[in-house]
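Down below is the structure, laid out as structure tokens.
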Amino acid sequence: MTEYFNPTFAECRHAAEEMADRLAARRLSMSSVFGVPQGGLFPAMVVSERLGIPLTSEPEYGRTMIVDDLVDSGSTLIKYANQGFVVDACYRKPWSPATIAPKAIETDKWIAFPWERDHGAPTDAVVRILQHIGEDPSRDGLLDTPKRVIKAMTELTSGYKLDPADVLSTTFDVSHDEMIVVRGVPFSSLCEHHMLPFHGHATVAYIPAAGGRIVGLSKLARLVDMYARRLQVQERMTDQIAEAVDKYLSPLGVGVIVTASHTCMSMRGIQRSGEMVTAKMIGAMRDKAEARAELMVLHKE
Ligand SMILES: [Zn+2]
């Protein structure tokens with residue numbers, strides 16, 4: 001598991017001061033400092049203050065030191081080093097090039113600097129994940145991926161914006177006291193533990209009360225879809241569907257059976273493939289054995 005390192009501003013200042021002291025030996029020939037955007041800006045300010053040299057936005061060969069918060073693959077700083085610039089960084093990774101910032105503080109943990117935390121657009125988070133898995137977010141095929149991921153996530157979680165009261169608002173007055181079953185309603189959801197898909201189908205059944213309310217079958221499918229389009233665990237999704245039917249239709253009983261396969265199981269080598277079945281029974285569906293038996297027959301037919 002990845003370990004995280006979230007340095008405070010004070011720790012970052014300390015690391016930048018150490019870097020400044022390393023660079024002090026070059027002070028005489030150097031007359032300005034440049035921070036590689038964005039992360040290098042804070043370290044550059046610390047160096048500027050400590051060595052008494054100005055910041056510059058245009059590095060000048062032979063005069064400007066180039067600093068960054070972190071050297072990882074080193075691709076940015078190598079570019080400057082190859083041009084003959086003096087370069088350094090506050091932190092480095094064990095796999096960073098040996099010639100770049102060799103005295104920087106080494107850590108193999110996943111670093112999130114104070115200026116990177118929680119303030120970015122959601123697409124920045126996707127960029128960070130791509131970097132984290134060793135990908136290059138700037139290569140052609142990945143350029144628009146952050147935008148696409150956020151768009152897809154928004155669609156897949158659009159159920160947060162819907163209310164069961166609206167979905168089940170159009171009801172009919174029909175004197176029907178037999179069980180009503182919608183079977184095999186397909187759905188796709190995201191497990192809240194891994195944000196990986198689980199898909200399957202749901203059976204939703206209820207027994208209307210005398211003079212009770214009945215809802216169009218498509219509304220029950222929409223209800224399933226609404227709860228599926230949120231981050232879920234299958235058990236809770238099953239309960240929520242049943243409880244919504246119970247609350248808004250006030251039937252004698254409700255039964256919901258959900259069967260699904262979870263890609264977080266099948267794809268992640270836990271080797272627990274196969275389907276998971278969850279059920280929620282309320283009222284007569286829970287208390288009356290014959291109602292339950294009837295549901296099982298209708299569910300399996
Ligand atoms: Zn999961």
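Here are the numbers:
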quantity	calculated
Filter result for Ile105 (at pLDDT below 90 and in contact with a Phe, Trp or Tyr (Cβ under 6 Å, 6 or more places away or on another chain))	no
Any strands (runs of 3 or more DSSP E) falling wholly within segment 161-276 and containing at least 2 residues that are among the small types (Gly, Ala, Ser) and closer than 27 Å to Ala289 by Cα	197-207, 253-262
Subset of segment 85-135 [under 30 Å from Gly62 (Cβ atoms) and outside any loop (DSSP other than H, G, I, E, B)]	Val86, Val87, Asp88, Ala89, Cys90, Tyr91, Arg92, Ile105, Glu106, Trp115
Contacts under 7 angstrom Cβ, first residue in segment 276-290 being modelled with pLDDT of 95 or more, partner among the polar types (S, T, N, Q) and assigned to a helix (DSSP H, G or I), 6 or more apart	Thr278/Gln234; Thr278/Thr238; Ala279/Thr238; Lys280/Thr238
Residue match in segment 132-145 (condition: closer than 25 Å to Gly39 by Cα, of a type in the set (A, V, I, L, M) and in contact (Cβ under 8 Å) with a residue 12 or more places away in the chain)	yes
Residue count for segment 192-219, restricted to those that are within 16 Å of the ligand (Cβ to nearest atom) and surrounded by fewer than 19 Cβ atoms within 10 Å (Cβ to Cβ)	7
First in segment 151-164 and in the same structural domain as Leu190 (by TED's automatic domain parsing), second anywhere and among the β-branched types (Val, Ile, Thr) and at pLDDT below 95, Cβ under 8 Å, 6 or more apart	none
Meets criteria (in contact with a strand residue (DSSP E or B) (Cβ under 9 Å, 6 or more places away or on another chain), of a type in the set (Asp, Glu), modelled with pLDDT under 90 and surrounded by 15 or more Cβ atoms within 10 Å (Cβ to Cβ)) for Asp72	yes
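The values are calculated or read from the model by the stated rules, or taken from the named source; none is laboratory data. Please read all numbers here as calculations on a predicted model, not as lab measurements. Note: ideal-geometry Cβ built from the backbone for every residue, glycine included; neighbour counts use all protein chains shown.
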